[in-house]
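One structure below.
The values are calculated or read from the model by the stated rules, or taken from the named source; none is laboratory data. Note that the structure is a prediction, hence the values are computed from the model and not measured. Here Cβ is always computed from backbone atoms with ideal geometry, including for glycine, and neighbour counts include all displayed protein chains.
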Amino acid sequence: MTSRPAAGGFFAAMAKRRPQLTAWLYLAAALALLITFTYVPVASMIWYSFTNWDGVSPDPQFVGWSNYGQLFSRPELFQVFFVSLYYLVASFVQIVLALYFAVVLSFSTWFRNLFKGVLFFPYLINGVAVAFIFLYFFRQGGTLDSVLAFFGVHTGQFWLGDPDWVNVSLSGVSVWRFLGLNFVLFLGAIQSIPQELHEAASLDGASRWQVFRHIIAPGIKPVLSLSVILAISGSLSVFEIPYIMTGGSGESLTFVIQTVKLAFQFNKMGLASAAAVVLLAMVLLITWLQRRLVPEERTDLT
Amino acid sequence: MKLRPLAIALAAALLAAGCGGGDADPGSTDALPPADPASVTGEVTVLTNRTDLVTDGTMKKYADEFKKTYPGVTVKFEGITDYEGEVKIRMNTENYGDVLLIPNTIVRDDYPKFFANLGSVSSVGGKYLFTDKSTVSGKVYGLAGFGAVNGFVYNKEVWAQAGLTQWPTTPEGFLAALQAIKDKTQAIPYYTNYKDGWPLTSWSSVVGSVTCDTKAQDKLASATDPWAAGSDLRAGDGLLFNIVKNKLSEPDPATTNWEDSKGLIATGKVGSMWLGSWAIAQMQDAAKKAGKDPATIGYMPFPAQVNGKYCSVLSPDYQYAVNVHSKSKPAARAWIDWMLDKSGFAEANQAVSTVKGAPLPSALKPFTDNGVQFIELSQEKAGLFNKIDNASEVGLNKQDYRQRLVDVARGAAPGDLNSVLGELARKWSEAAKLAGS
C-alpha cells in the first residue's frame with residue numbers, strides 16, 4: 001500500500017468528508033449490475049406486455065391492455081398451474097428431508113463430512129447435465145428399471161411416457177437436485193445456534209427430540225420460512241428440467257414453458273411478456289401474503 | 001422501489017437508442033451479381049447454422065476455393081448453435097453478418113427492411129428454384145441453399161425379411177406393411193423420435209405429396225379445415241396416428257433419442273422413419289459405422305398415388321440473404337452465387353441443387369427410377385399462412401400438435417383423431433377469419 005499513498009490518502013480524505021459518498025461508491029458496482037440485468041429488463045418486459053411485438057419487427061405497436069385481456073379470457077393458459085402442485089408437494093417433501101438430514105448431520109455422526117458432500121453435490125451439477133443423466137435413468141431398461149429388477153420388481157412402467165407418472169418423475173428429479181441447497185441452508189442455521197444452549201440442554205437431560213423441538217426449530221425459523229417462499233415461487237416457475245427432459249410434452253407443460261413457447265414459437269412476445277408479468281405479480285403476492293401470515297420475529301433463544 | 005422511475009428512464013433511453021439506430025443510409029439496398037470477379041473487394045462475414053462444418057474446417061475449404069476466383073474477398077464464418085434464437089435477436093441491430101440464412105420467424109413482408117434486393121423475379125427466378133418464397137413486390141430477397149424432398153427412410157433388409165418388395169401405394173397398404181414387419185421380424189416397424197420432437201415436424205411436408213397439387217400450401221391459408229377429408233394433412237397425420245394406435249412404433253416415445261435412432265435403423269432394429277432426404281446420407285454413415293452396407297438404407301415416397309404415380313414435393317432449406325446494412329454487398333452476393341453455382345455443396349450433401357436443370361443427387365435415384373413426380377409448391381400466400389399459424393397457436397410446422405396426436409393415439413391423453421384435429425381446425429378457422437382471408 002505504501003507504493004500508492006496518493007490513492008489511499010484520497011479515499012481516506014473523502015471518507016472523512018463525505019462518508020455517505022464512499023458508501024455509494026461501494027454500492028455502485030452491485031447497483032449497476034442489478035439495474036442493467038434486473039430492473040431494465042423487467043421494465044422493458046412490462047413495456048413489451050403492452051405491445052404486439054413479435055420479437056423482431058422494428059416497429060411494435062402499443063395495444064394497451066389487450067394482451068392482459070386475452071390472457072385472462074383464456075382459462076386454458078392457467079390450467080397448467082395444476083402441474084405446479086406436483087412440484088409444490090415435492091418441495092415440501094424436499095424441505096422435510098433436508099431438515100431431517102441437517103439435524104442428523106449437525107450431531108456428530110460417522111462420515112459426517114462425506115454425507116454432507118454427497119447430499120450437496122447434486123446442487124453443483126449443471127441443470128442440463130442433470131436432465132440428461134435422468135433421461136438415461138428413466139428410459140426403458142435404464143438405471144431405475146435395472147435397480148428395481150435387482151430387487152425383483154418388474155414394473156414395465158414408462159416413467160416419462162405415462163401422463164400419470166411424468167410429473168412425479170420430473171418433480172423427483174427436482175427434489176434430488178435442490179435437496180442439497182435446502183440442506184446447506186438448514187445446516188448453516190443450525191450450526192449458528194450457540195453451543196452453550198446445546199450444552200445446557202444436555203445438562204438438563206433433554207432428549208434429541210426435545211433439543212430439536214425447543215432449540216433447533218425456533219432457531220431456524222427464519223430460514224424455514226425463506227425455504228417455504230422459495231418452494232412456492234419455485235413450483236410456480238418450474239422450467240429447466242421438464243423443458244430439457246420432455247419439452248413440455250405429455251402432461252408436463254408448465255407455465256414458464258408455455259410462456260416460452262408463446263414468445264419464441266408463435267412470436268407473441270407481447271402476450272408472453274404479459275404472462276410473465278402476471279407470474280411475477282403472483283409470486284410477489286404470495287410472498288407478501290406469506291409475510292403477513294407469518295410475520296418475521298426476532299427469535300431470542302436465551 | 002425508489003429505483004423504478006430510474007429504471008424506466010433507462011429502459012426508455014435504451015429503447016430509443018435501439019430504434020433510432022437504423023436511419024443511417026448504408027448506400028444502395030441492392031446486392032446484384034458483380035460483373036468482374038477481380039474488381040470485387042471486401043470482407044464478408046457469413047452466419048451459418050452448420051457449426052459442425054465450421055469447426056471441422058469444411059467451410060474454410062470452400063472459402064479458400066472461392067478466393068481463387070475472387071482474390072480480393074475474404075470470407076469469415078460464424079457458426080451459431082441456436083441459429084434461430086440468436087440471429088432473431090441480433091436482427092434488432094445492424095450487426096447480423098453480411099450473408100445470413102433468413103430465420104423462419106421473419107415475416108416475408110419485412111424482408112426489404114432487413115435484406116438487400118438480389119434482383120427481379122424475371123432475372124433471378126429463371127435461374128434458381130424456390131425464388132417465390134422470398135419475393136416481395138417483384139424483387140427477390142433470398143436464395144435457398146439447397147432443396148430436399150420428404151419420404152420414409154427404411155431398412156431394406158427388414159422390409160425384405162417381412163416379405164415386402166413393393167412400395168405401398170396407400171396409407172392402408174403402408175400400415176399393413178408395418179404390421180407385417182411387426183409380425184415377422186424383431187424390428188420396431190416405425191420410430192417417431194417423439195422426445196427430440198423436431199423430426200415430427202417433417203410430417204408437415206406431406207402437404208402437396210398426397211394430392212399432387214402445387215397450390216396445396218396456398219390453400220391452407222384460408223378458413224377451410226386443413227384436415228378435411230381427402231386433404232394432405234389428414235392423410236399424413238392420420239397415418240401417423242394409426243401407426244401409433246396400432247402399436248407399430250416404439251413402446252416408450254418419451255425417451256427416444258435422435259442420435260441413437262440413426263444406429264437403430266442402420267442395424268435393422270427400426271424399420272422406418274419419415275424424414276427429409278438430407279437424412280439419407282446420415283443414416284448411410286451410421287450404417288458404415290455399424291459395419292453394415294450403406295445400401296441397406298432405402299428411401300420411399302409417401303404412400304399415395306395420383307393417376308398411378310407417386311408425387312414428391314421439393315422444398316427449400318434455409319435461404320441465403322444479404323444484410324441490407326452490409327458494407328460489402330457485391331462481395332456478399334458473389335459468395336452466395338458461388339456457393340449455389342460452383343461450390344458443389346448440394347451434391348456433397350446429397351441435397352437437391354437449387355440451380356434449375358441441375359441433376360438430382362444419387363440418393364434420389366430410386367425415386368427417378370420409379371417415376372416419382374417432383375413438384376414445387378407455390379408460396380404466394382406464405383405470409384398469410386404464417387400469420388394464421390402463429391395467431392391460432394396451432395403450429396403446423398411445429399412439433400407440439402403431433403406430440404399431442406401421438407399421446408392421444410397411444411392412450412396417454414383423452415380423445416381420438418377426430419377430436420384432436422377438430423379442435424385444431426376450430427382454432428385455425430377462427431384465426432383465419434380474424435386475419436381476414
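Some observations on this one:
- Scanning the stretch B:31-53 for residues that are among the aliphatic types (A, V, I, L, M) and more than 19 Å from B:G85 (Cα to Cα) turns up B:A31, B:L32, B:A35, B:A38, B:V40, B:V44, B:L53.
- Of the helices (runs of 4 or more DSSP H) lying entirely inside the stretch A:123-213, those containing at least 1 residues that are crowded, with 18+ Cβ neighbours inside 10 Å and of a type in the set (S, T, Y) span A:166-191.
- B:G411 meets each of the listed conditions (1) within 11 Å of another protein chain (Cβ to nearest Cβ); (2) buried (at least 16 other Cβ atoms within 10 Å of the Cβ) apart from (2).
- Failed item in (1) surrounded by fewer than 17 Cβ atoms within 10 Å (Cβ to Cβ); (2) free of Cβ contacts under 8 Å to residues at least 24 places away in the same chain, with B:E78 passing the rest: (2)
- Set side by side, the residues B:V87, B:V44 differ, and just one is at pLDDT 90 or above and assigned to a strand (DSSP E or B), which is B:V44.
- Pairs meeting the criteria (first residue in the stretch B:244-271 and closer than 19 Å to B:R402 by Cβ and more than 13 Å from every other protein chain (Cβ to nearest Cβ), second residue of a type outside the set (A, V, I, L, M, F, W, C) and part of a helix (DSSP H, G or I), beta carbons under 6 Å, at least 6 apart or on different chains) are B:L248/B:K182.
- Complete set of residues in the stretch B:414-427 that are more than 10 Å from chain A (Cβ to nearest Cβ) and of a type outside the set (D, E, K, R): B:G415, B:L417, B:N418, B:S419, B:V420, B:L421, B:G422, B:L424, B:A425
- Any hit, the stretch A:159-177, residues being within 14 Å of another protein chain (Cβ to nearest Cβ), over 23 Å from A:F239 (Cα atoms) and at pLDDT below 90: no
- Any hit, the stretch A:227-247, residues being among the aromatic types (F, W, Y) and within 30 Å of A:F137 (Cβ to Cβ): yes
- Helices (runs of 4 or more DSSP H) within the stretch B:129-227 that include 1 or more residues free of Cβ contacts under 8 Å to residues at least 60 places away in the same chain and either away from chain A (no Cβ under 14 Å) or among the acidic types (D, E) (or both): B:156-161, B:171-184, B:216-220
- None of A:Y68, A:Y86, A:Y123 is touching a residue at least 24 places away in the same chain (Cβ under 8 Å), in the same structural domain as A:L279 (by TED's automatic domain parsing) and farther than 28 Å from A:S192 by Cα except A:Y86.
- Test for A:S233: is it under 28 Å from A:F121 (Cα atoms) and touching a Leu at 6+ places or on another chain (Cβ under 7 Å): no
- Enumeration of residues in the stretch A:254-273 that are within 9 Å of another protein chain (Cβ to nearest Cβ) and either part of a loop (DSSP other than H, G, I, E, B) or of a type in the set (A, V, I, L, M, F, W, C) (or both): A:L262, A:F264, A:Q265, A:F266, A:N267, A:K268
- In the stretch A:32-58, the residues that are more than 8 Å from every other protein chain (Cβ to nearest Cβ) and in a loop (DSSP other than H, G, I, E, B): A:S49, A:F50, A:N52, A:W53
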